[in-house]
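The values are calculated or read from the model by the stated rules, or taken from the named source; none is laboratory data. Only a predicted model underlies this, so the values are computations on that prediction, with no experimental measurement involved. All Cβ positions, even for glycine, are placed from backbone atoms using ideal geometry, and neighbour counts span all protein chains on display.
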Amino acid sequence: MFSLIGKTVLVTGATKGIGYGIAEVFATAGADVAVIARSSADIDRVVTELSRLGTGTVIGVPADVSIAESCRAMGAAVVDRLGGIDVVCANAGIMPQAPIATMSPAELSTMLDVNVKSTIYTVQACLDALTASGAGRVIITSSITGPITGYPGWAHYGASKAAQLGFMRTAAIELAPCEITVNAILPGNIRTEGLSALGEDYLASMAAAIPAARLGTPADIGHLAAFLATAEAGYITGQAIVVDGGQTLPESFDAVSTVR
Ligand code: NAP
């Protein structure tokens, strides 16, 4: 049960943070993994690191997923080098802050290009290969921010993460006849390089508001992605699955602190 050996997995934004965690879990499980990002130097480093983990092949393909042509070239390169694509993890994303009052059209466009259009371009670019797989999987990294919660300064980010779910639900219906499932993971606060840079005091205050009393790890997200990629998860589609240690459950801070 639950084998990923022989599966070919494309992960966008796989050189850092959550994407690295997803790629690391798939590589450890013996899948063939394609590491996608813009920086070739980062890709080379990650391919070397992940190649040591499992029995599968790990390759790197530079691509800017906010550009449709770049995504098409990415999909073609992965099929050419790994022979097909069974699983697409559309994970790459950005989260710069921009208050509504001063958000520029350029800031809004970049957010939607990198977080929303990229998701659709990535799926389009891999669609023929996913169909040929006979058990294709699309796994989108959304967020609790937007679909469930809000945070001042990140209105455009929240809109982009909610938009991914709109795409996901129709894609799940439209691609079902091709035996492709489409699901989204909604991470809570995950301890990535970017979040760690905010400092230990800030991280401790975030952890205090989470029932599990810790931030998530990239591997926490990778483990759900790996399960969604298995044959056993083939009847799950169109779902938005929260992985947040219970962060979105408490009605108030007291609800957490009274049980500590
Ligand atoms: P991260 O650490 O900043 O890593 C981002 C990755 O995406 C890098 O590999 C980066 O490499 C790549 N990337 C960025 N823009 C790209 C583009 N245009 N084309 C191709 N690759 C691109 O990010 P993260 O915090 O792990 O976030 C990853 C995903 O998780 C995002 O969708 C984010 O919304 C979501 N998320 C994160 C958290 C969290 O707590 N961190 C919580 C909820 C959801 P290059 O710069 O070399 O391209």
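Of all residues in the range 76-129, which are of a type in the set (Ser, Thr, Tyr) and under 27 Å from ALA31 (Cα atoms)? So that I can check it myself, show each step before the final result.
Residues of the range 76-129 that are of a type in the set (Ser, Thr, Tyr), as a first pass: 102, 104, 109-110, 118-119, 121-122.
Once the filter is applied, which keeps residues that are of a type in the set (Ser, Thr, Tyr) and under 27 Å from ALA31 (Cα atoms), the range 76-129 yields SER118, THR119, TYR121, THR122.
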What tally of residues in the range 7-32 results from selecting those that are more than 20 Å from TYR121 (Cβ to Cβ) and free of Cβ contacts under 8 Å to residues at least 40 places away in the same chain? 3
Selection from the range 100-157 of residues β-branched (Val, Ile, Thr), surrounded by fewer than 24 Cβ atoms within 10 Å (Cβ to Cβ) and more than 10 Å from the ligand (Cβ to nearest atom) yields ILE100, THR102, VAL116, ILE120, VAL123, THR131, ILE148, THR149
Residue count, the range 158-179, condition surrounded by 23 or more Cβ atoms within 10 Å (Cβ to Cβ) and touching a Ser or Thr at 6+ places or on another chain (Cβ under 7 Å), comes to 2
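Within the range 1-94, which strands (runs of 3 or more DSSP E) (wholly inside it) include 3 or more residues that are at pLDDT 95 or above and either near the ligand (Cβ under 10 Å from one of its atoms) or basic (Lys, Arg) (or both)?
Details: elements: 8-12, 32-37, 58-62, 87-90.
Correct list: 32-37.
Looking only at the range 208-229, filter to residues that are aliphatic (A, V, I, L, M), out of contact with any Cys (no Cβ under 8 Å at 6 or more places or on another chain) and assigned to a helix (DSSP H, G or I); which one of those is surrounded by the most Cβ atoms within 10 Å (Cβ to Cβ)?
Initially, the range 208-229 is screened for residues aliphatic (A, V, I, L, M), giving 208-210, 212-213, 215, 219, 221, 224-226, 228-229.
Narrowing further to those that are out of contact with any Cys (no Cβ under 8 Å at 6 or more places or on another chain): 208-210, 212-213, 215, 219, 221, 224, 226, 228-229.
Filter once more, so that each one left must be assigned to a helix (DSSP H, G or I): 208, 219, 221, 224, 226, 228-229.
On the way: ALA208: 13, ALA219: 16, ILE221: 26, LEU224: 19, ALA226: 24, LEU228: 24, ALA229: 29.
Out of the qualifying residues, it is ALA229.
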What's the total number of residues in the range 167-190 that are out of contact with any strand residue (DSSP E or B) (no Cβ under 7 Å at 6 or more places or on another chain) and free of Cβ contacts under 8 Å to residues at least 60 places away in the same chain? 6
For the range 230-245, does any single residue satisfy the condition of being more than 16 Å from the ligand (Cβ to nearest atom), of a type in the set (Phe, Trp, Tyr) and surrounded by 13 or more Cβ atoms within 10 Å (Cβ to Cβ)? no
Would you check if ALA184 is outside any helix (DSSP H, G or I) and within 12 Å of the ligand (Cβ to nearest atom)? yes
I'm told THR122 meets every condition in (1) within 30 Å of ALA213 (Cα to Cα); (2) under 16 Å from the mean Cα position of the chain (by Cα); (3) of a type in the set (Val, Ile, Thr) except one. Can you identify the failing condition by its number? (1)
Are any of the residues in the range 179-195 more than 14 Å from the chain's Cα centre (by Cα), more than 26 Å from LEU82 (Cα to Cα) and not charged (D, E, K, R)? yes
Identify all residues within the range 214-257 that are at positive phi, out of contact with any Gly (no Cβ under 8 Å at 6 or more places or on another chain) and without any contact (Cβ under 8 Å) to a residue 60 or more places away in the chain; write none if there are none. GLY246
